Amino acid sequence: MRVFDTVESRIERMGEGVGVLFPVEYEMLAGFDAEFSAAVEGDELIFMIKPRVEPAAREAVDAIWRDLRVLFSKVADIGEKAPWGEIEIVWESPHAYEDKVPIAASEVVKHRHLVASFEKEEYYIDKEDIRKGIHDTMTKLCELAALRLGFRDKLFALAFGQAVGNHYSHGSCVYGMYDVVCEIFREEFVKVDDDRFWSLTSPTAQEAVRAAYERIRYISEHPEEYKKEKARVQAKWGFPLKPG
């Protein structure tokens, strides 16, 4: 068990039960069911509370996947259900992984809180905050979806998926080939749909994704064309891109 936070708290009588007062930083966990355990460690009484956040994370993944199926419908059918055999729910997502794709429950819970707060106008939160708040989850699911779109090259498929996720959540791509694909995706997408806050289920966004897909699929199968596009993007940005 890794302890990452320790604060002073208070146990109080609440209605017909007893509750623990948490700092406001944990407000996003309000309303979740939890498992309570009482134990003894040496001569000390220990309480453990495990919020059940995985169901909310799974629900969010399923909802996003349904919308992505609509978004990519003009390209290919990614499947009715999220590929749970390739996904695992963790509290915090590692920077690198090799086996299953880790979806951070912490990001999903925080995003859910941002959406609720935005709808209630409780805090100063805008649409961009909400989009960025789901960036890692959205990008990973877009990558998984892109692997089902018919790309012959896996790296181009992942780059395309990352481009979709980044464009949706207003994030930035990484480097090399991913940067080139990301820029081409943005260029082709905005020719069809220039709405900064486009919806995953928007018919216009579907057409924009198809246009971007056709261009990127073409350069993925024509190396010389990719080299030209990389040089063009590099000249446009005014600095050399890293290898890739």
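The values are calculated or read from the model by the stated rules, or taken from the named source; none is laboratory data. On a predicted model such as this, the values are computed, not experimentally measured, just so you know. Cβ coordinates were reconstructed from backbone atoms using ideal geometry, including for glycine residues, and neighbour counts include every protein chain displayed. Just the protein is used for accessible areas: all its heavy atoms, side chains included, with ligands, DNA and RNA removed. Shrake-Rupley method; radii C 1.70, N 1.55, O 1.52, S 1.80 Å.
Here is the list for segment 83-162: GluC sites (Glu not before Pro) lying in DSSP coil, each with at most 14 other C-beta atoms within 10 angstrom of its C-beta, are E92, E98, E121, E122. In this calculation the C-beta distance from A30 to W237 is compared with R0 = 35 Å, giving a FRET efficiency of 0.20. Taking all Cα pairs closer than 8 Å and separated by 6 or more residues, the relative contact order of the chain comes to 14 percent. Figure note: D153, D77 ranked by solvent-accessible area, largest first, 1.4 Å probe, ligands and nucleic acids not counted: D77, D153. Dividing the mean sequence gap of close Cα pairs (under 8 Å, 6+ apart) by how many residues segment 99-171 holds gives a relative contact order of 31 percent. Rounded to the nearest 20, the Cβ-based charge dipole of segment 63-164 about its Cα centre (Lys and Arg +1, Asp and Glu -1) stands at 380 debye.
Taking only protein heavy atoms and a 1.4 Å probe, the accessible area of the chain is 51% carbon and sulfur. Derived scalar couplings between HN and Hα for segment 218-225 equal 5, 5, 5, 9, 10, x, 5, 5 Hz in order, rounded to whole Hz, by the Karplus curve 6.51 cos²θ - 1.76 cosθ + 1.60 (θ = phi - 60°), x for Gly and Pro.
Sorting L71, L21 by accessible area puts them as L21, L71; the probe is 1.4 Å, largest comes first, and only protein heavy atoms count. Rounded to the nearest 20, the size of the Cβ-charge dipole of segment 82-133 about its Cα centre is 120 debye, with Lys and Arg at +1 and Asp and Glu at -1. Among the cysteines of the chain, those whose beta-carbon sits 4.7 Å or more from every other cysteine beta-carbon are C142. How much solvent-accessible surface does R58 expose, in Å² to the nearest 10, with a 1.4 Å probe and all protein chains in place? Answer for R58: close to 90 Å² accessible.
Rounded to the nearest 20, the size of the Cβ-charge dipole of the chain about its Cα centre is 1200 debye, with Lys and Arg at +1 and Asp and Glu at -1.
With protein chains left intact and a 1.4 Å probe, residues in the chain average 61 Å² of accessible area per residue.
Over 28 Å between C-alpha atoms is what I'm after, so list which of K132/K191; K120/K191; K154/K191; K100/K228; K81/K228 land there. Distance filter (> 28 Å) returns K120/K191; K100/K228; K81/K228. Helix-only arithmetic for the chain: the sum of -39500 (n - 2.57) across DSSP H runs with n ≥ 4, divided by the residue total, places the mean residue ellipticity at 222 nm at -15500 deg cm²/dmol.
Considering only V18, F151, Q162, the residue lying farthest towards the positive end of the dipole of the chain is F151, judged by Cα position with unit charges set on Cβ. Amide H contacts of E88 (H built 1.01 Å from N, in plane; Pro and chain starts excluded): V101, I103 sit under 5 Å, all sequence-distant by 5 or more or on other chains.
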